[in-house]
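Heads up: the structure comes next, in structure tokens.
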Amino acid sequence: MTTVVNHGALVNLANEMDELKHQAVSLMSRYEECFNHAQSSKAFAGGAGAASVVSGGEIADAQRRIQQKFEQVNDLLRHGASTYTGTDHDNLHAMQSLASHIKFH
């Protein structure tokens, strides 16, 4: 079974994943801005205020993790696109070379 990897498709997938990452980070940044505004205006007091500080920190941490994971996956896709394409190219030439050395008696 032969697996063919399309370099352009992998790069496009990485680009689409970048867009999803930007959308997720943007959403979480807007939440963080609203949270900071509520905190600065003292909208939360008591236990709710303390809990919201914890939630805000968790949201910021989740935002960083999402961004890191998306970047890792996208780097792998982009690097893999070149590697897989190069390997396919090398294998094509190796198979063509092998075929030219086979002689029937």
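The Cα center of the stretch 52-82 and the Cα center of the stretch 11-51 differ in position by 13 Å. Of the trypsin sites (Lys or Arg not before Pro) found in the stretch 16-57, those in coil by DSSP whose Cβ has at most 13 other Cβ atoms within 10 Å are K42. Taken about its Cα centre, the stretch 8-97 carries a charge dipole of about 360 debye when Lys and Arg each add +1 at the Cβ and Asp and Glu each add -1 at the Cβ.
Bear in mind these aren't lab numbers, they're just calculated from the coordinates by the rules spelled out. Quick caveat: nothing in here was measured; it's all calculated off a predicted structure. With ideal geometry, Cβ positions are generated from the backbone for all residues, glycine too; neighbour counts draw on all protein chains shown.
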